[in-house]
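A short reminder: the numbers here are calculations on the coordinates, not readings from a lab. Note that this is a predicted model, so its numbers are computed, not measured. Using ideal geometry, Cβ is built from the backbone for each residue, glycine included, and neighbour counts are taken over all protein chains shown.
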Amino acid sequence: MSRITLKGEAWLMKAQALYDLKIARKELEKQEANLSREIQKMTEGKSFQYKGMMSFFEERKGSVNYAAIPELIGVDVDVYRKPPIIVFKLVKV
């Protein structure tokens, strides 16, 4: 077997492993999103703590669209700020 073939086989193994991980990650992210939605429904959008686990919501300011700001010096960026977003978090306490 030539050196190029060996390199190609090693590349293929790593490429396939990476591809498999990406597919698995997408499936895990889908499961994570589903569980997150279920927990949010169960708690009716309110913070909840039980036996060392806690879920809570926090509101964050929206991101700034810097491309829309003609000059940054002395500019109140809140005028350009996008709407706030709600972030759901689950932590082990």
**OP:** Hey, can you grab everything whose amide H is under 5 Å from the amide H of Met54? Only 5+ residues off in sequence or another chain; H modelled, so Pro and N-termini drop out.
**Re:** Val91, Val93
Original post:
Suppose every K and R has +1 on its Cβ and every D and E has -1 on its Cβ; what is the size of the dipole of the chain about the Cα centre, in Debye to the nearest 20?
Top reply: 400
Original post:
Per residue, what volume in Å³ does the convex hull of the Cα atoms of the chain enclose?
Top reply: 225
**OP:** Scan region 1-72 for trypsin sites (Lys or Arg not before Pro) in coil per DSSP, keeping those whose Cβ has at most 11 other Cβ atoms within 10 Å, and list them by number.
**Re:** Lys46, Lys51
**OP:** Provide the gained length on full extension for the span Tyr66 to Leu18, in nm with one decimal, where the gain is 0.36 nm per separating residue minus the Cα-Cα distance.
**Re:** 13.8 nm
**OP:** With the convex hull built on the Cα atoms of region 1-42, state its orientation-averaged projected area in nm².
**Re:** 2.6
